[in-house]
Structures are given as C-alpha cells and as structure tokens.
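The values are calculated or read from the model by the stated rules, or taken from the named source; none is laboratory data. None of the values given here were measured: they were computed from a predicted structure. Every residue, glycine as well, gets a Cβ built from its backbone with ideal geometry; the counts of neighbours run over all protein chains shown. To get the accessible areas, we keep the full protein, side chains included, count just its heavy atoms, and leave off ligands, DNA and RNA. Shrake-Rupley method; radii C 1.70, N 1.55, O 1.52, S 1.80 Å.
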Amino acid sequence: MKIKLVIADNNENSLAELVSIIRGDRQIQLLGKASDGFAVVDLIKKTAPDVVLLDLILPNMDGLEVMQEIRDYRGLSKKPAFIILSAIGNSTIVNQAVSMGAVYYIMKPYERKLIIKRIHQVMHGPAGNFT
C-alpha cells in the first residue's frame, strides 16, 4: 500500500525539489501540493493524506495554524502525520510544532535521503526524532 502524501511550501524551488524527491520513491503517492496555508488545509481535507510535508512559513495561514486547523477538524477519520521542513531553528517554534503534533522537524537545507527516510519512518516507525 502506498504512502499518501501532500506537500506545502511557499517557495516554488523548494516545492519542485520536494516533488522531485518524492517522485523517486515508488512507495509514495503524491496527492497534491500547495504554496499557501488555505490551499494545504483544503487539500488535506479533500485527500486525507497519511503524511504532510509542511513548511512553517506560508502565506495566509502559517504551518502551525495549518496543524491547529486540521487537529480541530472533525471530518477526517485519521489525522495525517506532519513532518515540518523549516529554516526556523528557534526552540520555542520547534516545541510548538511538536506540541501540535509534528512527528519530525527537519531543518533546511536537508538531505534528500532524509526526507524519504522520515516519511517511511512515520508509516513504519520508529518516530519522534528531530533533525
């Protein structure tokens, strides 16, 4: 069974790179991508992904607000796992993301292999490491 994934990043180059990384793994199905908070919330509600790669800096609604919105939304039978991809290394922000349900917090720039590894770990364990 494929891992269903949604990607959200406001930077077009980062979005394109993430799509390229994901397309290289046959076990991952990319359901969609978004470049702003409203769009990714809508996409998550419509597609019910297993995993969301989420940048914290998004227009209209930041990544933390996206996680809060999905956490409060009752229309999904299973909430997605959030993997945060961010250049923000502030411990307060990291702690907020973790408390809101982020499974991993990956600092940019990241290694391509790490993204795939973390997606698979979310689905097959062990989770909870922060890089």
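Figures for the structure shown
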| item | result |
| --- | --- |
| Sum of side-chain charges, Tyr110 neighbourhood, beta-carbon under 13 Å (Lys, Arg +1; Asp, Glu -1) | +1 |
| Rounded accessible area of Ile57 (nearest 10 Å², 1.4 Å probe) | 90 Å² |
| Modelled FRET efficiency - R0 22 Å, Gln29 with Arg71, Cβ distances, 0.05 increments | 0.40 |
| Among Pro49, Gly101, Ile83 - extreme Cα towards positive end, dipole of the range 27-106, charges at beta-carbon | Pro49 |
| Rg in Å to one decimal, and Dmax rounded to a whole Å, for the range 52-131 via C-alpha atoms | 12.2, 35 |
| Size of electric dipole in the chain: Cβ of Lys, Arg +1 and of Asp, Glu -1, about Cα centre, debye, nearest 20 | 620 debye |
| Phe82 long-range amide H proximity, modeled H, under 5 Å | Val52, Val103 |
| Additional length obtainable on full extension of the chain from Glu12 to Lys113, 0.36 nm per residue less Cα span | 34.3 nm |
| Of Ile83, Ile28, Ile106, the one that fluctuates the most in a GNM where the chain has Cα springs shorter than 10 Å | Ile28 |
| Cα pair distances of the range 2-52 binned at 10 Å [whole percent] | 28, 56, 16 |
